[in-house]
1. If we scan region 229-237, do we find a residue that is within 18 Å of the chain's Cα centre (by Cα), buried (at least 22 other Cβ atoms within 10 Å of the Cβ) and part of a strand (DSSP E or B)?
2. Give the residue that is surrounded by the most Cβ atoms within 10 Å (Cβ to Cβ), with candidates limited to residues of region 120-153 that are in contact (Cβ under 8 Å) with a residue 60 or more places away in the chain and under 17 Å from the mean Cα position of the chain (by Cα).
3. Hey, among Phe272, Phe293, which residue is among the aromatic types (Phe, Trp, Tyr) and touching a Lys or Arg at 6+ places or on another chain (Cβ under 8 Å)?
4. Only one of (1) touching a strand residue (DSSP E or B) at 6+ places or on another chain (Cβ under 7 Å); (2) in a loop (DSSP other than H, G, I, E, B); (3) of a type outside the set (Lys, Arg); (4) modelled with pLDDT of 90 or more fails for Gly172. Which number is that?
5. Can you report the number of residues in region 106-119 which are surrounded by 16 or more Cβ atoms within 10 Å (Cβ to Cβ) and either under 21 Å from Gly146 (Cβ atoms) or in contact with a Pro (Cβ under 8 Å, 6 or more places away or on another chain) (or both)?
6. Answer yes if at least one residue in region 289-301 is polar (S, T, N, Q) and more than 22 Å from Val75 (Cα to Cα), and no otherwise.
7. Taking Thr182, is it assigned to a strand (DSSP E or B), within 25 Å of Val75 (Cβ to Cβ), β-branched (Val, Ile, Thr) and touching a residue at least 24 places away in the same chain (Cβ under 8 Å)?
8. Kindly establish whether Tyr209 is in contact (Cβ under 8 Å) with a residue 24 or more places away in the chain, over 19 Å from the mean Cα position of the chain (by Cα), surrounded by fewer than 21 Cβ atoms within 10 Å (Cβ to Cβ) and more than 17 Å from Ala145 (Cβ to Cβ).
Amino acid sequence: MNKIIKWILIVMLALPNITKACDICGCGAGNAYIGVLPDFKKKIIGLRYRYNNVRTHIGLGGATTYLTTNESYKVAEVWAGWNIGKKFRLMASLPYNFNERNTATNKAQKNGLGDIILSGYYQLLNKRTPVMGTKLLVQSLWVGAGIKAPTGKYETADKNGRNQNANLFQLGTASTDFLIQTMYDVRLNDVGLNISANYKMNTNNKYDYNYGNKLSINGQLYYKFNINNKCTLAPNLGVQWEQSQKDIDNKTLVDLSGGRLLTGTFGVETSFKALSMGANFQPVLQQNLASGFVQAGNRGMVHVAISL
């Protein structure tokens with residue numbers, strides 16, 4: 001147990017030292033949070049719906065100006081997982097984005113395919129240990145890496161200048177990006193703790209724009225209620241931290257980009273036979289995005305999945 005905790009701390013402490021960091025919303029602020037992943041033995045396929053929103057071009061002290069925009073980013077995402085043997089797992093996600101931007105004078109929308117992500121994981125730990133006579137300690141640790149393909153449309157007309165806000169209003173980043181991920185779950189009987197970290201390394205796209213790398217860490221407590229040995233209900237509560245740096249446009253830092261965001265997370269997961277469903281809400285607890293000129297709103301997600 002002590003050895004596992006040591007490895008988790010090493011991974012989480014090492015990641016911030018190599019990060020340049022952030023996405024905030026839309027293609028650039030994709031929310032890495034997926035809640036407590038449903039259990040599955042062989043294969044699983046599901047649908048997630050996410051909602052993010054931000055206000056940009058905010059004046060000093062948070063004042064609304066004629067330039068202020070309200071942007072919403074909705075994503076319908078098909079995702080799937082496949083366990084290969086006992087140690088390996090493949091995960092894939094295919095997002096379809098619904099972006100909307102409103103200003104005092106006009107309204108703009110973008111709908112279309114986002115950037116596809118494919119990840120592979122290796123299970124370092126899968127252990128069940130009797131403790132205190134009648135209790136069972138269950139631990140699982142996965143580490144993995146992934147790639148994000150530039151399948152979403154990118155429009156240079158919506159790329160702002162270096163003294164403006166980050167380049168958010170896109171369906172995709174037009175760059176091939178890489179991910180490092182780790183997920184640890186420990187449960188004593190029905191009480192559990194889930195911790196995950198995700199580090200996304202972005203590369204220059206062909207338009208010489210480089211979204212800042214992003215680090216996300218989240219932890220949540222949950223309790224599993226077993227109802228008549230047929231249905232499982234698991235309410236959960238936790239926090240998520242996102243850390244980021246500025247974007248780079250043509251080798252120049254984008255002044256109003258990057259930052260940090262802390263949100264709470266609370267939701268519920270339920271499963272009945274092969275069917276899993278869940279929902280969560282993420283209220284903003286603290287933020288400093290784009291030097292205060294971008295403000296993130298609360299987030300939400302619902303999902304449904306079936307094990308095959």
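1. Going through region 229-237, the residues within 18 Å of the chain's Cα centre (by Cα) turn out to be 236-237.
Next cut, buried (at least 22 other Cβ atoms within 10 Å of the Cβ) only: none.
No: zero hits.
2. Residue satisfying both the conditions and the ranking: Tyr121.
3. Phe272
4. (1)
5. Step one: of region 106-119, the residues surrounded by 16 or more Cβ atoms within 10 Å (Cβ to Cβ) are 110, 114-117, 119.
Now drop any that are not either under 21 Å from Gly146 (Cβ atoms) or in contact with a Pro (Cβ under 8 Å, 6 or more places away or on another chain) (or both), which leaves 114-117, 119.
Number satisfying all stated conditions: 5.
6. Yes; the residues of region 289-301 include at least one that is polar (S, T, N, Q) and more than 22 Å from Val75 (Cα to Cα).
7. Yes; evaluated as a whole, the condition is true for this residue.
8. On the way: in contact (Cβ under 8 Å) with a residue 24 or more places away in the chain: yes; over 19 Å from the mean Cα position of the chain (by Cα): yes; surrounded by fewer than 21 Cβ atoms within 10 Å (Cβ to Cβ): no; more than 17 Å from Ala145 (Cβ to Cβ): yes.
Judged against the criteria, Tyr209 is not a match.
The values are calculated or read from the model by the stated rules, or taken from the named source; none is laboratory data. Everything numeric in this text was worked out from a predicted model, so none of it was measured. As a convention, Cβ positions derive from the backbone with ideal geometry for all residues, glycine included, and neighbour counts pool all protein chains shown.
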